[in-house]
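See structure below.
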Amino acid sequence: MPLQTDPQPRRQPKQLRSRMMVETTVEAARQVFAEHGFEAATTNQIADRAGISIGSLYQYFPNKDSLILAVHKKHHEEVLAVVKGAMDRSQHLPLKDAIRHIIAANLEMHMKTPRLHTEFDAWIPARSKLVDQDGFQNEMAQIVLNFLSKRPDLQKGDQLKPAVIVIMNMVRSVLHATVGSVSDAESREQMLDHLCAGIYGSLNTVVQPLGQDVSAPAPASDGFG
């Protein structure tokens, strides 16, 4: 579908009432896109779901592209919050259990609206300049790196960075494939088993040897130049 003209929001809400209306509209758009798909959804449906007039919707969102852009931004915020929360809850767990807890929380969030992620995959490539993918990936990479750097069972230093890149690409690919094609709970658990094993395996090279001083600086790696 061709990009609609000027998909950026027309104005930013300043008053509390306006901010709440925009949040309600974005949530309504998320629900409608998840139920009907981007192409079939209409702004009238979204306005009805939000309980506002179509004129009020158009004050802030000029078209459907602007709405799914807002939904996708909100999705990124939710992913970061879910991952951070899972990391906080699992920081004292053994490494394998921590990995499982974090990835399971991420997968559970994605499975709440599986069709929506399919719509993202179809919509984003043609509008990649409008989506801050690099900003999201950089923030996620820093969150993962900070979590791993605090683990007493892993070495510190630049050698963690290549592992973070591998883990992030592995998680993104497998989670999206699972959401898009795996419908039954047993198969999802099996996919989760394989993914967690892969993540743990990618960290084998930076597991802290028993008896080594974990506070000692690790040698620098050439992995990032």
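The values are calculated or read from the model by the stated rules, or taken from the named source; none is laboratory data. Model, not experiment: these values are computed from the prediction. Ideal geometry is used to build each Cβ from the backbone, glycine not excepted, and the neighbour counts take in all protein chains shown. Areas reflect the complete protein model, heavy atoms only, side chains present, ligands, DNA and RNA absent. Shrake-Rupley method; radii C 1.70, N 1.55, O 1.52, S 1.80 Å.
Remarks
- Helices (runs of 4 or more DSSP H) completely within segment 13-69 that count 1 or more residues being of a type in the set (Ser, Thr, Tyr) and closer than 23 Å to PRO114 by Cβ: 16-36
- Cβ-Cβ under 6 Å pairs, at least 6 apart or on other chains, segment 54-70 side of a type in the set (Ser, Thr, Tyr), far side assigned to a helix (DSSP H, G or I) and open to solvent by 10 Å² or more (accessible area, probe 1.4 Å): TYR60/VAL22
- Output for segment 97-114, where each listed residue is modelled with pLDDT under 95 and surrounded by fewer than 15 Cβ atoms within 10 Å (Cβ to Cβ): GLU108, LYS112
- Flag for PHE120 being under 14 Å from PHE33 (Cα atoms) and open to solvent by less than 50 Å² (accessible area, probe 1.4 Å): yes
- Among the residues of segment 196-211, those that are in contact with a Leu (Cβ under 7 Å, 6 or more places away or on another chain) and modelled with pLDDT under 90 comprise VAL206, VAL207, GLN208.
- For ASP65: the one exception among (1) touching a Pro at 6+ places or on another chain (Cβ under 6 Å); (2) open to solvent by 20 Å² or more (accessible area, probe 1.4 Å): (2)
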